[in-house]
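Asker: Please see the structure below; I have some questions.
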Amino acid sequence: MTSRYQAQWVSRGKAQAIKRAGPKNDTVLLDTFKGIILVEPEGKRWGDGAVLTPAEAAFELQPAWH
């Protein structure tokens with residue numbers, strides 16, 4: 001079974017709250033030039049921003065941006 005993930009913009013305050021909540025083995029916070037992106041299991045809504053489409057996520061998650 002493969003897990004599906006989504007990328008979502010998250011505010012700095014919410015990112016700090018996620019970090020304080022403790023380690024989540026299935027979540028990654030990435031600091032990019034445009035802001036912070038939360039990569040999480042599909043269907044979760046731990047972030048507070050818009051969920052990126054697959055095309056947007058592929059563009060924003062390129063190594064050149066973070």
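Bear in mind these aren't lab numbers, they're just calculated from the coordinates by the rules spelled out. Since we're looking at a predicted model, the values are computed, not measured.
Asker: Given the -39500 (n - 2.57) contribution per DSSP H run of 4+ residues, what per-residue ellipticity at 222 nm results for the chain, rounded to the nearest 500 deg cm²/dmol? Before the final figure, lay out each step's value.
Answerer: On the way: 2 runs with 16 residues, N = 66.
So the helix-based figure for the chain works out to -6500 deg cm²/dmol.
Asker: While we're looking at this one, here's another question. Which of rounded, prolate, oblate describes the stretch 5-65, given a ≥ b ≥ c as roots of the alpha-carbon gyration tensor eigenvalues and a/c under 1.5 marking rounded, otherwise prolate only if a/b is larger than b/c?
Answerer: Working: a/c = 1.71, a/b = 1.36, b/c = 1.26.
Cα axes put the stretch 5-65 in the prolate bin.
Asker: For the stretch 38-53, what does the Karplus curve 6.51 cos²θ - 1.76 cosθ + 1.60, with θ = phi - 60°, yield as ³J(HN,Hα) per residue in whole Hz, taken in order and with x for Gly and Pro?
Answerer: Whole-Hz 3J(HN,Hα) from phi for the stretch 38-53: 9, 9, 9, x, 4, x, 7, 9, 6, x, 10, x, 6, 7, 7, 5.
Asker: Report the gain in length on full extension from Lys34 to Arg4: 0.36 nm times residue separation, minus Cα-Cα distance, nm rounded to one decimal. Intermediate values should be presented prior to the final figure.
Answerer: Values: separation 30, 0.36 × 30 = 10.80 nm, distance 2.40 nm.
Result for the pair: 8.4 nm of gain on full extension.
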